[in-house]
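Every number here is computed from the coordinates shown, using simple stated rules; none is lab data. Everything numeric in this text was worked out from a predicted model, so none of it was measured. Methodologically, a virtual Cβ is constructed for each residue, glycine included, from the backbone with ideal geometry; neighbour enumeration extends over all protein chains shown.
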Ligand code: ACO
């Protein structure tokens, strides 16, 4: 098989910063609680009413294409991971395809909450590995501010808006995506979900009056599952490939809570200087966190570096990817 390798990375972050101090004015909370419990200092918010997830995804994709110096019509496939699509349908990927002018690409979305980027990346890699595609854009983009209740202190402190995009091509050497392990466990308790707007509870005046279009989370329950799930799935893939902490150059974790990241890094005995952490600046951007980390660290990454990507999210969905940069 052809191995799929990431050949460029792009990103988009809105300019507006929502700080912990701003949130102190909005809900009963304080900077110290938020920093200690989550590691977050500020998040970015997309203020323009006429712009949403596809706008951010398209900006990130354009940057990735520019960096690689190729035009959009060379793209075969576009996969967008998001839980905040522009519309429930058509897919946000179709909007991105039109915005960037990728006229030869077919495009679709992947819905796997905070694990969305990992699932999308392995989906995109599959097209390269099979030889069906030569150039695939994988995008993680979320405008979480569109589903966050800014009167609910248990969720509004966590999330931010942003997008990242990677270009996948066939590897010419031994680098690229080596393996992945993904898991799903249907969350019958609905510990993390958006109650209304889907086919079970279609949007109505009542659902809006009841605030059921906002993301709801049982934070404690999800926290427990996330710490165990992310650490376990990192161990699993390391065992599978007989990797020790010394072999790993970087852990690229989903940024939901700094404490979840710390537990994961500790379990696999990885020093903090090998862990990508930008949750302090952007909060949890859901599908955006992992490609935004890759973007922020791209100057420090060397060819052949061994990376473990890991995420846990609503669904429940979780997984890890082992790749050589
Ligand atoms: N400011 C001040 N106090 C607060 C706040 C706040 N913003 N929010 C909650 N509290 C209070 C609670 O009311 C509670 O008070 P009590 O003890 O008097 O009842 C106390 O602080 C502790 O609350 P907990 O919910 O137990 O706090 P916890 O330490 O669990 O932190 C958090 C909450 C940050 C939400 C954490 O549970 C978490 O990160 N959960 C997991 C998030 C996650 O990984 N999600 C998955 C990915 S997201 C996706 O897939 C879309």
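Note on residue 306 and residue 274: their simple-model spin labels are 0.8 nm apart, each label 7 Å out from Cα toward Cβ. Beta bridges assigned by DSSP with both partners in region 167-319 are antiparallel in approximately 60 percent of cases.
Report summary: the helix-based calculation at 222 nm, which adds -39500 (n - 2.57) for every DSSP H run with n ≥ 4 and divides by the residues of the chain, gives -9500 deg cm²/dmol. Sorting 171, 199 by the number of Cβ atoms found within 10 Å of their own Cβ, with the fewest placed first, yields 199, 171. Structural descriptor for the chain: relative contact order 25 percent, calculated from alpha carbon pairs under 8 angstrom and at least 6 residues apart. Among 315, 162, 101, the residue with the largest mean-square fluctuation in a Gaussian network model of the chain, with springs joining Cα atoms closer than 10 Å, is 101.
Let me make sure I get this right: for region 4-172, a, b and c are the square roots of the gyration tensor eigenvalues over alpha carbons, sorted descending. Under 1.5 in a/c it's rounded, otherwise prolate if a/b > b/c, else oblate. Which is it?
The shape class here is prolate.
Counting only Cα atoms, the size of the chain along its three principal axes is 54, 46, 36 Å, in decreasing order.
For region 177-324, state the average projected area of the convex hull of the C-alpha atoms over all orientations, rounded to one decimal in nm².
Projected over every direction and averaged, the Cα hull of region 177-324 covers 9.8 nm².
Both radii are taken from the alpha-carbon atoms of region 1-53; with Rh as the Kirkwood radius, Rg/Rh is 1.22.
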